[in-house]
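Take this structure, written in structure tokens, and hold onto it; I'll ask about it next.
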Amino acid sequence: MYTLYTISLGCSKNLVDTERMLARLLRRPVDPVDDPAAADIIFINTCGFILDAKDESISTIVEHSQFKQDGRCQVLIVAGCLVTLYEQQLRQELPEVDIFIDTKESSMESIGDQLSRRLVNFTPQDHLEALPGERLLTTPSYMAYLKIAEGCSNTCTYCVIPRIRGPYQSVPQEKLVSEARELAASGVRELVLISQDSTEYGLDLYGKRSLAPLLAELAKIENLHWIRVLYTYPNHFDDELIETIAREPKICKYVDIPFQHMSNSVLKRMNRHIRVEQMENLVQRLRQRIPGIAIRTTMLTGFPGETEADFQALLEGVERVQFDHLGAFAYSDEELAASHKLPGKVNPDTARERAEALMELQHSISLRRNEQRVGQTFEVLVEGISQETELLLQGRASFQAPEVDGHILINDGTAHPGDFVMVRIEQALPYDLVGGMVDS
């Protein structure tokens, strides 16, 4: 029996790839371990989206390559986006890596066979049953991501995803529903739909955008309690989708719509194909049709050509809209992105300062919106002991997505991870809420 240590870097979409490759490996004589020094196989799935992610990936590879000398590691595997972008360069500069796996499905499927050529008796174990969804879940047992598409056909100038992952390719609806059923049967209660642009789903397969019909089918799965959609695109948010979210009780009244900026001139240089007025109209439609809906967005500061006036327009737009959740990121000048060739580069320090100023504004907005929830009672998915103190439980309401939003800190009552409980909110913090359990 061989031992396996795994690291998955980057986004949730990359995590699903990791889970699929792990499922293939665990059909062979492999036991996962938590200590890289005890691993015969070290598997690192990398991110290559921005410079910081590339640096993290490289440093992680270099750090863990030492276990080929100091530990028991026999095979070091590096996979993911960084490999797709720079495989030849990586092969030259990192000879200690034994196997490189890019993001093509055929490459990921070959991981077991490639290891078989390097390890003795590393053959599939026919007596082992396939895992639910053909994945080894690395998320808590009550929550799973469902990747509904691969790639992206939008041409945002700052983004290299189409170069890494190719054009948008939807997964057939029947396959997604089957996977979701298997996940629900295994104990998953919250299903989180992800892709580069979830609202584009189905256009390539069915000739029309079909996220709404997919959601309607998923809502029929008995054991699922929450269905959440991340990474939607403002241009593609149609009335059918809004009506489906409003109608289906299992679908969280929560949308994640990366707006990226609130200046029309910057949006044009980003090639976003939408204007601020249209985005604000979408927010108005959502709030009118789905009272209480939570809206999350992301913004990019310091994009080439962003003036002080553009940044002020961004601040003013965020103040007008009053997002529930917002993430701000300083522009990363990626050499393979079209924006790399744009004039008017903003000083990186200025870009970071603007991101910090934007988050300071959002801090006050989030606090005001959370204060409106004090005294209300919400259904909460319990995650376990709080990260802050062992004296509290921690969970999330439907208006809080995993990993990126705040939490509900539960100061009264007992429950287990995966339980749904009712919590009355007693205190508001900028990103978290505090309350005690009450009878449903």
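The values are calculated or read from the model by the stated rules, or taken from the named source; none is laboratory data. Fair warning: this is a prediction, and the values are worked out from it, not measured in the lab. With ideal geometry, Cβ positions are generated from the backbone for all residues, glycine too; neighbour counts draw on all protein chains shown.
Please state which of the following conditions Glu383 fails to meet, knowing it meets all the rest: (1) in contact with a strand residue (DSSP E or B) (Cβ under 9 Å, 6 or more places away or on another chain); (2) over 16 Å from Ala144 (Cα atoms).
Every condition holds for Glu383 apart from (2).
Next question. Under the condition of being at pLDDT 90 or above and outside any loop (DSSP other than H, G, I, E, B), which residue from the stretch 1-11 is surrounded by the fewest Cβ atoms within 10 Å (Cβ to Cβ)?
Ile7
So, in the stretch 268-297, how many residues would count as being closer than 19 Å to Arg369 by Cα and surrounded by 18 or more Cβ atoms within 10 Å (Cβ to Cβ)?
8
On to the next question. List the residue pairs whose Cβ atoms are under 9 Å apart, where the first residue sits in the stretch 424-436 and is in a strand (DSSP E or B), the second is surrounded by 15 or more Cβ atoms within 10 Å (Cβ to Cβ) and among the aromatic types (Phe, Trp, Tyr), and the two are 6 or more positions apart or on different chains.
Arg424/Phe378; Ile425/Phe378; Leu433/Phe378; Gly435/Phe378
Looking at the stretch 225-235, can you tell me whether even one residue there is within 21 Å of Val171 (Cα to Cα) and of a type in the set (Lys, Arg)?
yes
Can you name the residue in the stretch 91-126 that is β-branched (Val, Ile, Thr) and part of a strand (DSSP E or B) and is also farthest from Val160 (Cα to Cα) among such residues?
Restricting to residues being β-branched (Val, Ile, Thr) and part of a strand (DSSP E or B), the top hit is Ile99.
Right, here's the next one. Are any residues in the stretch 184-209 buried (at least 19 other Cβ atoms within 10 Å of the Cβ) and either hydroxyl-bearing (Ser, Thr, Tyr) or farther than 26 Å from Pro258 by Cβ (or both), and if so, which ones?
Ala184, Arg189, Ser195, Ser198, Thr199, Tyr201
Looking at the stretch 297-320, I want the residues that are assigned to a helix (DSSP H, G or I) and have a partner that is acidic (Asp, Glu) and surrounded by 14 or more Cβ atoms within 10 Å (Cβ to Cβ) with Cβ atoms under 8 Å, at least 6 apart or on another chain. Which pairs are those?
Gly317/Glu280; Arg320/Glu280
Follow-up question, since we're still on this one. Name every residue in the stretch 76-115 that is polar (S, T, N, Q) and buried (at least 20 other Cβ atoms within 10 Å of the Cβ), in order of residue number.
Thr84, Thr103
Out of the residues in the stretch 160-174 meeting the condition of being part of a helix (DSSP H, G or I) and modelled with pLDDT of 95 or more, tell me which one is surrounded by the most Cβ atoms within 10 Å (Cβ to Cβ).
Per the stated criteria, the residue is Gln173.
Consider Arg373 carefully, then state whether it is part of a loop (DSSP other than H, G, I, E, B) and surrounded by 16 or more Cβ atoms within 10 Å (Cβ to Cβ).
Judged against the criteria, Arg373 is a match.
Do you know which residues across the stretch 273-291 are under 16 Å from Ala313 (Cβ atoms) and not aliphatic (A, V, I, L, M)?
Across the stretch 273-291, the qualifying residues are Arg275, Glu277, Gln278, Glu280.
On to the next question. Looking at (1) farther than 23 Å from Ser153 by Cα; (2) in contact (Cβ under 8 Å) with a residue 40 or more places away in the chain, can you tell me which one Val276 breaks?
With (1) farther than 23 Å from Ser153 by Cα; (2) in contact (Cβ under 8 Å) with a residue 40 or more places away in the chain applied to Val276, the lone miss is (1).
Would you be able to say whether some residue in the stretch 412-421 is in a strand (DSSP E or B) and without any contact (Cβ under 8 Å) to a residue 60 or more places away in the chain?
Yes, the stretch 412-421 contains at least one residue that is in a strand (DSSP E or B) and without any contact (Cβ under 8 Å) to a residue 60 or more places away in the chain.
Here are some conditions: (1) buried (at least 22 other Cβ atoms within 10 Å of the Cβ); (2) under 29 Å from Gly305 (Cβ atoms); (3) not polar (S, T, N, Q). Val229 meets all but one. Which one does it not meet?
So Val229 meets the others, but not (2).
Could you check how many residues of the stretch 210-254 are farther than 24 Å from Ala144 by Cβ and not in a helix (DSSP H, G or I)?
Number of matching residues: 2.
Additional query: Give me the residue from the stretch 387-404 that is under 22 Å from the mean Cα position of the chain (by Cα) and loosely packed, with under 15 Cβ neighbours inside 10 Å and, out of that set, nearest to Ile293 (Cα to Cα).
Checking each candidate, the answer is Val404.
So in the stretch 37-47, with the set limited to residues that are touching an Asp or Glu at 6+ places or on another chain (Cβ under 9 Å) and either crowded, with 17+ Cβ neighbours inside 10 Å or not in a helix (DSSP H, G or I) (or both), which one is modelled with the lowest pLDDT?
Only one residue fits best here, namely Cys47.
While we're on this one: Read through the list (1) within 20 Å of Tyr231 (Cα to Cα); (2) surrounded by fewer than 19 Cβ atoms within 10 Å (Cβ to Cβ); (3) charged (D, E, K, R), then give the number of the only condition that Asp324 fails.
Going through (1) within 20 Å of Tyr231 (Cα to Cα); (2) surrounded by fewer than 19 Cβ atoms within 10 Å (Cβ to Cβ); (3) charged (D, E, K, R) one by one, Asp324 breaks only (2).
Scanning for something in contact with a Lys or Arg (Cβ under 9 Å, 6 or more places away or on another chain), assigned by TED's automatic domain parsing to the domain that holds Thr244 and modelled with pLDDT of 95 or more, does the stretch 346-359 turn up at least one residue?
yes
Could you grab me the full set of residues in the stretch 338-386 that are over 24 Å from the mean Cα position of the chain (by Cα) and acidic (Asp, Glu)?
Once the filter is applied, which keeps residues that are over 24 Å from the mean Cα position of the chain (by Cα) and acidic (Asp, Glu), the stretch 338-386 yields Asp349, Glu353, Glu371.
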